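For reference, the structure discussed in these notes is given below.
The values are calculated or read from the model by the stated rules, or taken from the named source; none is laboratory data. Just so you know, these numbers come straight off a predicted model, no measurement behind them. As a convention, Cβ positions derive from the backbone with ideal geometry for all residues, glycine included, and neighbour counts pool all protein chains shown.
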Amino acid sequence: MTWVEAWLTPVYDAAGMRAADSWAIEEQGTPSLDLMETAGEAVAEAVRDASGNGPVRVVCGKGNNAGDGLVAARRLVATGHEVEALLLWPAGDLSPDAGSNLERFEGEVREVAPDDLTGALAGSGAVVDAIFGTGFSGAPRAPADAAVEAINSCDAPVVAADIPSGVDASTGEAEGVAVDADITVSFHAAKLGHWIFPGKARTGELRVADIGIPADAPSRPAGGVIRDEVLALAPKRLPDSTKFDSGEVLVVGGSRGLTGAVCMAASAAIRVGAGYATVAVPADLEPIFEVKLTEVMSRGYEGAAGRLASASANDILAAGERAAAVVLGPGLGRDEDSLELAREFARGVAAPLLIDADGLNAHAGRLDLIGERDAPTVLTPHAGELGRLLGRESSAIADHRLAAAREATEQSGAIVVLKGDDTIVAHGDRVAISAGGSPALATAGTGDVLSGTIGALLARRLEPFSAVCAGVHAHQRAGRIAAERVGATESVVATDVIAALPAALAV
């Protein structure tokens, strides 16, 4: 194993998994049938946990994934289950290892035509999806497409062998129909497709089974899932520390009706340990910030009524010279002159820069401008904002999340944070994914909290990629803690998340 930070759980793409598998078989002498046997037993164990009354049906493709399913079928028969193996292709089309396990299976086997699949699955206690494995890409074709639809329409628990059929293990994409699994048993390690939408939504409970591939397989992970250990990277305050050691975060934004975004970003920054924070805001709105922000300094800049303007760019850049990190865009508004300010400021500020909200909209279709910067830059779009940056619909981003994040980091040179329950952090060939599980964050203002959180970690001089991943992880934890404190996920507001940040940062 080459790259992966110690605070990431490695995940693989299809090529990496093939390499690990081949190394174990060809270099280490592990029989492929032994790997398949262990994988199949892991699937059988999941079926035992999930199965209700009725026979277990194992739906088999023709590759080695079918072999995993057939091992599971044999193991289930051995523990008293009634099992039926349903073949989508003739037995003679099975891969050699799958064919060997078909010969060893003494239960009922039948080839099923596409029109008969729904009836064949009726009354099942559980269904095993053993159609496609991690090598699959594209959209399922006949008869697999009908099999996927039949599996999804049955009432039984569904256990997927390695990955739900129809999901691309390398990207999480699903070009056509895909199995909705209740449990997915991934072999050796998790895959990108288990953690990235829409594949994440199809995976159900993810279990990772050790099937006998040595842990030191030289195959390179394609990325990793962020763990709590990343939070320990942030430098601690010492007895002789001053506020200047922890750095200043400057938040540039605000406009009439959108003052809250700046306040939440700045408040999050000081909660996460910035030495101090300053907001650069429209002069005629500054009294609002003076009232709302007790611990944060404010600087008002002249512009049009209720907004910042490009005429103030040089003055705000001067303020940026003192900052250890800058957050640009919360509440800025979409007036063209304000957007021009954002472009001028982004080009000119020398400090590490996080761009969010209307700071991103200012660069729609112009990511090349960000590429001109020398200092670290972080972009934190949701799917709609990334769609505008790349010139496409948000639905296209949702369907190809990893590819879109990689494209944006390639065009801009920035660290790209594509927000969601599967928040993706991409920079060069580095990919980190949030485990998510924090629906309380699906409310207005939490994106501003994330911006301030990352801004503070940048100001504290944490290595930029690590700072971003730590900020994403702390933000997700804070959302869960806030929901526990409030008592209802739907009742969480952004300020609850800010209040939970200290507990979320504790490791």
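Descriptive notes on the structure:
- Selected residue (criterion: farthest from Gly331 (Cα to Cα)) from residues of the range 429-446 that are assigned to a helix (DSSP H, G or I) and in contact with a Ser or Thr (Cβ under 7 Å, 6 or more places away or on another chain): Pro439
- So Ala375, is it in a helix (DSSP H, G or I) and either more than 15 Å from the chain's Cα centre (by Cα) or of a type in the set (S, T, N, Q) (or both): no
- Of all the listed residues (Asp284, Asp245, Asp216), the sole one being in contact (Cβ under 8 Å) with a residue 12 or more places away in the chain, out of contact with any strand residue (DSSP E or B) (no Cβ under 9 Å at 6 or more places or on another chain) and over 24 Å from Val185 (Cα atoms) is Asp245.
- Those residues of the range 318-341 which are free of Cβ contacts under 8 Å to residues at least 40 places away in the same chain and buried (at least 18 other Cβ atoms within 10 Å of the Cβ), in sequence order: Leu339, Leu341
- Taken over the range 106-154, residues that are part of a loop (DSSP other than H, G, I, E, B) and within 21 Å of Gly176 (Cα to Cα) amount to 15.
- Single residue of the range 80-105 satisfying the filter (assigned to a loop (DSSP other than H, G, I, E, B) and out of contact with any helix residue (DSSP H, G or I) (no Cβ under 9 Å at 6 or more places or on another chain)) that is farthest from Ala144 (Cα to Cα): Gly80
- Residues in the range 231-263 that are surrounded by 24 or more Cβ atoms within 10 Å (Cβ to Cβ) and small (Gly, Ala, Ser): Gly247, Gly253, Gly254, Ser255, Ala261.
- Selection from the range 293-315 of residues that are within 34 Å of the chain's Cα centre (by Cα) and either part of a helix (DSSP H, G or I) or surrounded by fewer than 22 Cβ atoms within 10 Å (Cβ to Cβ) (or both): Leu293, Glu295
Let's see how each residue does on (1) assigned to a helix (DSSP H, G or I); (2) in contact with a Phe, Trp or Tyr (Cβ under 8 Å, 6 or more places away or on another chain); (3) among the small types (Gly, Ala, Ser):
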position	(1), (2), (3)
Gly471	yes, no, yes
His475	yes, no, no
Arg480	yes, no, no
Glu484	yes, no, no
Glu490	yes, no, no
Thr495	yes, no, no
Ala499	yes, no, yes
Ala504	yes, no, yes
Val507	no, no, no
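- Of the residues Ala232, Ala201, the single one that is out of contact with any Pro (no Cβ under 8 Å at 6 or more places or on another chain), free of Cβ contacts under 8 Å to residues at least 40 places away in the same chain and in a helix (DSSP H, G or I) is Ala201.
- Yes/no for Ile355 being in contact with a helix residue (DSSP H, G or I) (Cβ under 9 Å, 6 or more places away or on another chain), hydrophobic (A, V, I, L, M, F, W, C), in contact (Cβ under 8 Å) with a residue 24 or more places away in the chain and surrounded by fewer than 24 Cβ atoms within 10 Å (Cβ to Cβ): no
- Asp115 satisfies every condition listed in (1) of a type in the set (D, E, K, R); (2) crowded, with 24+ Cβ neighbours inside 10 Å; (3) farther than 30 Å from Ser434 by Cβ except (2).
- For the range 472-489, the criterion of being within 15 Å of the chain's Cα centre (by Cα) and of a type in the set (Gly, Ala, Ser) is satisfied by at least one residue.
- Against the list (1) surrounded by 21 or more Cβ atoms within 10 Å (Cβ to Cβ); (2) within 18 Å of the chain's Cα centre (by Cα), the condition Arg406 fails is (1).
- Looking only at the range 63-88, residues that are touching a strand residue (DSSP E or B) at 6+ places or on another chain (Cβ under 8 Å) and over 22 Å from Pro157 (Cα atoms) come to 0 in all.
- Subset of the range 432-462 (residues that are touching a residue at least 40 places away in the same chain (Cβ under 8 Å), surrounded by fewer than 24 Cβ atoms within 10 Å (Cβ to Cβ) and of a type in the set (A, V, I, L, M)): Ala435, Ala444, Leu462
Let's see how each residue does on (1) out of contact with any strand residue (DSSP E or B) (no Cβ under 9 Å at 6 or more places or on another chain); (2) charged (D, E, K, R); (3) within 20 Å of Val497 (Cα to Cα); (4) not assigned by TED's automatic domain parsing to the domain that holds Ala435:
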{"position": "Leu231", "(1), (2), (3), (4)": "yes, no, yes, yes"}
{"position": "Leu250", "(1), (2), (3), (4)": "no, no, no, no"}
{"position": "Arg271", "(1), (2), (3), (4)": "yes, yes, yes, no"}
{"position": "Val296", "(1), (2), (3), (4)": "no, no, yes, no"}
{"position": "Glu302", "(1), (2), (3), (4)": "no, yes, no, no"}
{"position": "Asp315", "(1), (2), (3), (4)": "no, yes, no, no"}
{"position": "Arg322", "(1), (2), (3), (4)": "no, yes, no, no"}
{"position": "Asp335", "(1), (2), (3), (4)": "no, yes, no, no"}
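- Ser186 meets the conditions (1) outside any helix (DSSP H, G or I); (2) over 30 Å from Gly329 (Cβ atoms); (3) in contact (Cβ under 8 Å) with a residue 40 or more places away in the chain in every case but one. The failed one is (3).
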